[in-house]
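The values are calculated or read from the model by the stated rules, or taken from the named source; none is laboratory data. Please read these numbers as outputs of a predicted model, since none were measured by experiment. Backbone-built Cβ (ideal geometry, glycine too); neighbour counts: all protein chains shown.
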């Protein structure tokens, strides 16, 4: 079994219920708010943190790094974990070269280390100390130091892109891009993508930046309060969060409460109400996938990208089956260049607001300004419905 | 100038520093990283010599090791005499200098970010290698400061020396005690010379301490970037 498998439970000092895996050459992002335990999970893999009452296992390339069933617990020195610390933790009294050489195994010569630094664009800087390097350069040194830890020999990296040799370790990245400016970050993103072509090792990235996770990761693991809530391809997790908490964590807008009623076979009604005792309600037609019982409280998400905006008073010639037409007042328009951030309130449910990113061109064509009226055409496919009760 | 006293002072300062360095280093490193609940008590005990009058320390030393005390009797039977000897002076000097050696070293080790230790461990360095290759090179200004403070303080010690060492020429009469003698004997000319020598050495030591502290701060600033 290649790659990394993690399965950990603990109660003290923090509640932990983590289960995820990461294949060789795969990049998995642990995403969650600060204090959610994602960094603790990373530190547990590296062997820097082990809760006293931990149960479970951490397995890398078929070898147990931790297994409470068999009593195996390797020290950080025995694990081949290349860890890039959040603030890099470079040794300030050593040159860039010495920082990397210190972590390199016996298969590495000083020339090999220099060669690796050159490949990361640090050839001329190898004799500098960390304080003499920019944030991006420090990050590359930290990455090189982590890399040599998972590469037994300099030849471990493949020269042929896309056919890397599997390596016996893991690469762990703890918010590695948080301390550099935006342009540098873009460069580093590209470098990480290029690196993945050459080294086949499980890579686990900890980040609180959803856009970063979406851009870099093959799969994301949503972490909250020590629990891994949902794992999957970024697009999938963002499009269909498993429950309301995941939806909130991935920052989904247009996230509402309601009640689910079964209708004719194959169809259902989503009754959109406000959480209070108001009588106002809107019924939206949705597809019944037989996953939710009749008369169940639900939370649901409106995917703004799948909503059509029509001028007030106009009718569609061929409305999509089951699509609902919703008259809304355009409460606020924030023009951000080509895109305008629009806030809308349904006429029939004035306590709720919908947020849409509309092109400024579309607003011009509809000839509508803040205070005006539009119609939203909401197809069943634009609605994602989740049971209220959280899983896990 | 009382050259025998000068030699005694320098010998005492050198020996105190030499004995105290490994002891202080071990204590300071432990105090810097330990999470043990009793740490404040140990720290208070170490700082006690700073507050207590030297005569109190000297008094208890005489009580513990003097003739008539069980320990003193037992030591005398083994041929070891601590009262009114350089050896005894060295022992009490090590005790009263503990805070001067431990404090700066402890501060220096505490200033080494824990993430550097962890980075060393995941890089494959054992705790012992981490100490020698990462922590010690970063904490050395603290070590030098501790040594300079110990030397300066030992040269300036007076009360304890008088009580424990007596005033034996070439054995326990230090420069500061000799200075006292000269003033008592109205030999102000010699007193001036020795006072000036003590001022000079102390000033030099303090300048070194401050210089090392600057280096240490620069090192810390460097790590925090």
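Results for (1) farther than 17 Å from residue A:255 by Cβ; (2) outside the structural domain of residue A:371 (by TED's automatic domain parsing); (3) surrounded by 14 or more Cβ atoms within 10 Å (Cβ to Cβ); (4) in contact with a helix residue (DSSP H, G or I) (Cβ under 7 Å, 6 or more places away or on another chain), shown as yes or no for each residue.
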position	(1), (2), (3), (4)
A:298	no, yes, yes, no
A:310	yes, no, yes, no
A:315	yes, no, no, no
A:324	yes, no, yes, no
A:330	yes, no, yes, no
A:335	yes, no, no, yes
A:340	yes, no, yes, yes
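Per the conditions (1) within 28 Å of the chain's Cα centre (by Cα); (2) surrounded by 13 or more Cβ atoms within 10 Å (Cβ to Cβ); (3) closer than 15 Å to residue A:254 by Cα, the sole criterion not satisfied by residue A:305 is (2). Scanning region B:49-79 for residues that are without any contact (Cβ under 8 Å) to a residue 40 or more places away in the chain and under 21 Å from residue B:104 (Cβ atoms) returns B:51, B:52.
For every residue, the table says whether it meets (1) more than 9 Å from chain B (Cβ to nearest Cβ); (2) touching a helix residue (DSSP H, G or I) at 6+ places or on another chain (Cβ under 8 Å).
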position: A:79; (1), (2): no, yes
position: A:85; (1), (2): no, yes
position: A:94; (1), (2): no, yes
position: A:113; (1), (2): yes, yes
position: A:118; (1), (2): yes, no
position: A:123; (1), (2): yes, yes
position: A:130; (1), (2): no, yes
position: A:134; (1), (2): yes, yes
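Of all residues in region A:90-113, those satisfying the criterion of being surrounded by fewer than 19 Cβ atoms within 10 Å (Cβ to Cβ) and assigned to a helix (DSSP H, G or I) are A:98, A:110, A:111, A:112.
Quick one: which residue in A:16, A:27 is under 22 Å from residue A:150 (Cα atoms) and in contact with a helix residue (DSSP H, G or I) (Cβ under 8 Å, 6 or more places away or on another chain)? Spell out how you get there, then give the answer.
On the way: A:16 fails: under 22 Å from residue A:150 (Cα atoms).
It is A:27.
Take residue B:131 and decide whether it is away from every other protein chain (no Cβ under 14 Å) and not in a loop (DSSP other than H, G, I, E, B). Considered against the rule, which asks whether it is away from every other protein chain (no Cβ under 14 Å) and not in a loop (DSSP other than H, G, I, E, B), residue B:131 comes out as no.
Within 10 Å of chain B (Cβ to nearest Cβ) and farther than 24 Å from residue A:216 by Cβ: does that describe residue A:104? Quick ask: steps written out before the conclusion?
Working: within 10 Å of chain B (Cβ to nearest Cβ): yes; farther than 24 Å from residue A:216 by Cβ: yes.
Judged against the criteria, residue A:104 is a match.
Would you check if residue A:173 is more than 9 Å from every other protein chain (Cβ to nearest Cβ) and closer than 26 Å to residue A:30 by Cβ? Answer is yes for this residue. Across region A:210-226, the qualifying residues are those that are surrounded by fewer than 20 Cβ atoms within 10 Å (Cβ to Cβ) and at pLDDT 85 or above, and the one among them that is farthest from the chain's Cα centre (by Cα) is A:225. Taking the criterion of being in a loop (DSSP other than H, G, I, E, B), in contact with a helix residue (DSSP H, G or I) (Cβ under 6 Å, 6 or more places away or on another chain) and surrounded by 19 or more Cβ atoms within 10 Å (Cβ to Cβ), the residues of region B:134-181 that qualify are B:172, B:173, B:174.
Taking region B:48-128 as the region of interest, the helices (runs of 4 or more DSSP H) fully inside it that hold 2 or more residues being over 21 Å from residue B:142 (Cβ atoms) and within 14 Å of chain A (Cβ to nearest Cβ) are B:114-122. Taken over region A:1-43, the criterion of being touching a residue at least 60 places away in the same chain (Cβ under 8 Å), under 16 Å from the mean Cα position of the chain (by Cα) and not in a strand (DSSP E or B) is satisfied by A:26, A:32, A:33, A:34, A:36, A:37, A:38, A:39, A:41, A:42.
Results for (1) at pLDDT below 90; (2) at positive phi; (3) surrounded by fewer than 17 Cβ atoms within 10 Å (Cβ to Cβ), shown as yes or no for each residue.
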| site | (1), (2), (3) |
| --- | --- |
| A:17 | no, no, no |
| A:25 | yes, yes, no |
| A:30 | no, no, no |
| A:50 | no, no, yes |
| A:55 | no, no, yes |
| A:60 | no, no, no |
| A:65 | no, no, no |
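Residue count for region A:191-249 satisfying the condition of being within 22 Å of residue A:16 (Cβ to Cβ) and part of a loop (DSSP other than H, G, I, E, B): 8.
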